[in-house]
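Read the structure below first, then the notes.
Every read-out reported here was derived from the displayed coordinates using simple, explicitly stated rules and does not represent laboratory data. In this text the structure is predicted, and so the values were computed from the model without any measurement. Cβ atoms come from the backbone with ideal geometry, glycine included; neighbour counts cover every protein chain shown.
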Amino acid sequence: MQERSFDRYDVCIVGASIAGNYLTYLLSKSNLKIVVLEDHKEIGLPFQCAGIISQKLSKLIDLPEEIVLNRVNTAKLVSPSGNFIKLAGNERPYVTDRIKLDRLFYNEVKDNPNITYYLAEKYKSFEYLIEDDKIYLLIETSKRNIIAKMLIGCDGPLSLVGKQLNVKNNVIFASQIRVKANFFNHEAAMYFNPQWKQLFGWIVPEGNQIYRIGIASAKNLNTSFKRFLNELSVDMKDKIDQQGGIIPYGVMNKLAFDNILLLGDAAGQVKATTGGGIVMLLTAAKYASNCIHRCFKEENFSKRIIKKYYERPCSQTIGRELKLHFIIRLILENFTTRDFEIFFKIIKENKIEHLITFYGDMDFPKSLVFKLLRNRTVLSFMFKFFIKNPVIIFKILKLFI
Ligand SMILES: Cc1cc2nc3c(=O)[nH]c(=O)nc-3n(C[C@H](O)[C@H](O)[C@H](O)COP(=O)(O)OP(=O)(O)OC[C@H]3O[C@@H](n4cnc5c(N)ncnc54)[C@H](O)[C@@H]3O)c2cc1C
């Protein structure tokens with residue numbers, strides 16, 4: 001490292017998007033001296049999200065009205081050949097102004113004298129440093145050197161903090177446009193297709209006849225997106241703007257290291273069924289904040305303590321559900337067009353829509369999966385599917401070894 005003076009903090013948070021800002025806000029109630037590093041010069045930009053979040057959002061945070069642009073009351077699932085099922089129940093997800101959501105907690109803490117935000121400043125590396133028998137982190141940014149007791153990686157799907165700890169997320173790529181169009185104002189649609197099998201194509205109604213239309217996939221993103229927009233007969237003259245982005249794909253990664261923890265997309269806390277990460281990371285941030293308080297109270301920043309107060313509670317709650325999301329994804333990913341058609345038919349003919357509506361939970365699918373498997377037709381379909389695709393059984397078993 002170059003010779004530079006050191007700024008000293010208790011906690012250094014990398015990334016000032018939703019995970020970094022919310023954790024900073026939770027920690028702001030203590031007297032911890034915190035520094036937040038953000039590569040971009042403006043919080044919330046670039047905008048890279050469909051912004052649809054289950055109604056659990058308002059249970060996790062105090063949700064100001066101006067964050068909510070619209071509510072969805074129907075989810076339309078469309079098969080590759082255009083057959084569809086519509087689900088309308090108790091769940092009415094929020095369509096959010098993601099830029100405002102990212103800024104919400106930043107605005108709460110930015111004037112706190114214990115908190116420093118360095119924008120347009122890139123985290124580069126860390127190394128362990130021992131001073132008076134205590135372990136610290138020497139952190140290098142693009143502009144300065146920092147010494148901190150804890151480092152928190154909230155630096156997104158391609159996390160550099162994670163990479164330096166040998167944690168790597170598998171990722172998929174997303175493309176989205178915002179357009180003026182005439183779909184349904186309170187209906188979100190998901191288009192399944194073996195060509196974009198790692199997720200789906202989506203239409204999310206933002207309100208005022210503006211729709212967020214996107215797709216995510218591991219490869220051939222541009223070709224698939226063009227095809228999807230053609231199928232929807234979207235006129236590109238009506239395009240307002242365009243976004244891109246990266247989504248972690250898989251199960252939750254390792255979260256705990258000596259003096260360091262990972263949170264949000266950096267930790268792979270994203271649902272493999274929908275690509276949604278916000279409910280998961282807000283939940284995990286509460287455990288992270290509790291864990292950090294514990295570490296400072298006990299003056300112990302070891303991996304063992306961080307595992308106990310952060311990784312374990314996360315694994316036992318969101319971690320289990322994220323595994324189930326990934327199992328569902330592995331199955332859907334191997335559905336042929338014919339499988340989709342048969343499955344949609346089974347749902348319609350057995351009136352399973354009501355079951356999904358009643359037990360369906362955008363974030364925690366466990367109870368729905370058990371209910372579905374109690375239905376004989378579904379069970380027999382799944383049995384035949386696994387006979388045809390035995391490799392998936394091994395992939396699923398590997399998740400538990
Ligand atoms: C197209 C798209 C649509 C999505 N739609 C939804 C949705 O509808 N609902 C939902 O719940 N989720 C959705 N997601 C996922 C959601 O956006 C993420 O889960 C969420 O943004 C993760 O927040 P985060 O703070 O962990 O990471 P990020 O939002 O990725 O933020 C990471 C931050 O770290 C900064 N950073 C990175 N490296 C460095 C560095 N070296 N130094 C300093 N700063 C750095 C970045 O600039 C960034 O600000 C979508 C994602 C995409 C891409």
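Just tell me, in residue order, which DSSP H segments of the chain are both 27 angstrom or longer along the helix axis (alpha-carbon based) and at least -0.5 in mean Kyte-Doolittle hydropathy.
Taking the DSSP H segments of the chain (at least 27 Å long, mean hydropathy at least -0.5), we get 278-298.
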Percent of C-alpha pairs per 5 Å bin, region 75-136, short to long
4, 10, 9, 10, 11, 12, 9, 7, 9, 9, 5, 3, 2, 0
Calculated SAXS-style log₁₀ I(q)/I(0) at q = 0.12, 0.14 Å⁻¹ - the chain, Debye, Cα scatterers
-0.96, -1.25
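What is the packing order of peptides 256-262, 169-175, taking the mean over residues of other C-beta atoms within 10 Å and listing the highest first?
Top to bottom by mean Cβ count within 10 Å: 256-262, 169-175.
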Loop-exposed GluC sites (Glu not before Pro) per DSSP, neighbour cap 10 Cβ within 10 angstrom, longest uninterrupted part of the chain
4-298
With springs only between Cα atoms under 10 Å, which of 93, 113, 194 fluctuates most in a Gaussian network model of the chain?
113
Distance cut-off 19 Å, percentage of C-alpha pairs in region 298-401 lying past it:
55
Trypsin sites (Lys or Arg not before Pro) within region 43-83, DSSP loop, no more than 10 other Cβ atoms inside 10 Å:
none
Any idea what % of Cα-Cα pairs in region 310-349 are farther than 12 Å?
67
Within region 370-400: backbone nitrogen closer than 11 Å to the residue 338 label point (7 Å, Cα to C-beta)
none
